[in-house]
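Please read the structure below before turning to the comments.
The values are calculated or read from the model by the stated rules, or taken from the named source; none is laboratory data. None of these values were measured; they are calculated from a predicted model. Note that we place each Cβ from the backbone using ideal geometry, even for glycine, and neighbour counts take in every protein chain shown. The protein model used for the area step is the full one, side chains on, heavy atoms only, and it has no ligands, DNA or RNA in it. Shrake-Rupley method; radii C 1.70, N 1.55, O 1.52, S 1.80 Å.
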Amino acid sequence: MTRADLVDELAKAANLTKQDSEAVVDTVFEAITDALGRGDKVEIRGFGSFKIRQRRARVGRNPKTGASVSVPGKKVPFFKVGKGLRELVNTGNRDDHRPVEAGSVSGGEAEHSGS
């Protein structure tokens with residue numbers, strides 16, 4: 001599902017115009033982003049929680065040359081799936097029955113494997 005799909009679903013479900021539903025989606029995303037920017041945790045019961053995790057500095061390798069490279073520490077957003085969502089996904093109509101793993105979210109979309 002893309003952001004545009006989410007706007008469309010909200011418009012249909014709440015009987016809103018696309019412009020109004022887009023404003024709602026933008027407001028929710030901005031509120032989550034602002035809270036994470038302040039270092040706050042965002043918890044949506046039954047869905048999951050977002051928080052910031054600190055990654056330690058480490059020594060990596062340049063894959064092309066094999067040379068050691070110093071990778072500085074950084075903060076990354078992290079999403080932990082909630083019990084309700086995990087149960088829904090695991091008991092839903094899925095072809096595979098692999099457990100849902102929590103992971104970091106980057107670039108606005110969570111990584112997932114296709115079915």
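Suppose we keep only residues that are part of a loop (DSSP other than H, G, I, E, B), modelled with pLDDT of 55 or more and open to solvent by less than 40 Å² (accessible area, probe 1.4 Å) within region 74-105. Which one would you say is farthest from L36 (Cα to Cα)?
Within region 74-105, the match that is farthest from L36 (Cα to Cα) is G92.
Go through (1) assigned to a strand (DSSP E or B); (2) in contact (Cβ under 8 Å) with a residue 24 or more places away in the chain and name the single condition G46 misses.
That leaves (1) as the condition not met.
Among the residues of region 1-43, count how many are small (G, A, S), over 23 Å from G84 (Cβ atoms) and not in a loop (DSSP other than H, G, I, E, B). Give the derivation first.
If we filter region 1-43 for residues that are small (G, A, S), which is where we start, we get 4, 11, 13-14, 21, 23, 31, 35, 37, 39.
From what's left, over 23 Å from G84 (Cβ atoms): 4, 11, 21, 23, 37, 39.
From the residues that got through so far, the ones that are not in a loop (DSSP other than H, G, I, E, B) too are 4, 11, 21, 23, 37.
Within region 1-43, residues that are small (G, A, S), over 23 Å from G84 (Cβ atoms) and not in a loop (DSSP other than H, G, I, E, B) number 5.
For the list (1) in contact (Cβ under 8 Å) with a residue 12 or more places away in the chain; (2) outside any loop (DSSP other than H, G, I, E, B); (3) not aromatic (F, W, Y), I need the number of the one condition that G60 fails.
All conditions are met except number (1).
Which members of region 13-28 meet the condition of being open to solvent by less than 90 Å² (accessible area, probe 1.4 Å) and either basic (K, R) or touching a Lys or Arg at 6+ places or on another chain (Cβ under 8 Å) (or both)?
V25
Determine, yes or no, whether A13 is under 18 Å from M1 (Cα atoms), modelled with pLDDT of 90 or more and hydrophobic (A, V, I, L, M, F, W, C).
On the way: under 18 Å from M1 (Cα atoms): yes; modelled with pLDDT of 90 or more: yes; hydrophobic (A, V, I, L, M, F, W, C): yes.
Yes, satisfied.
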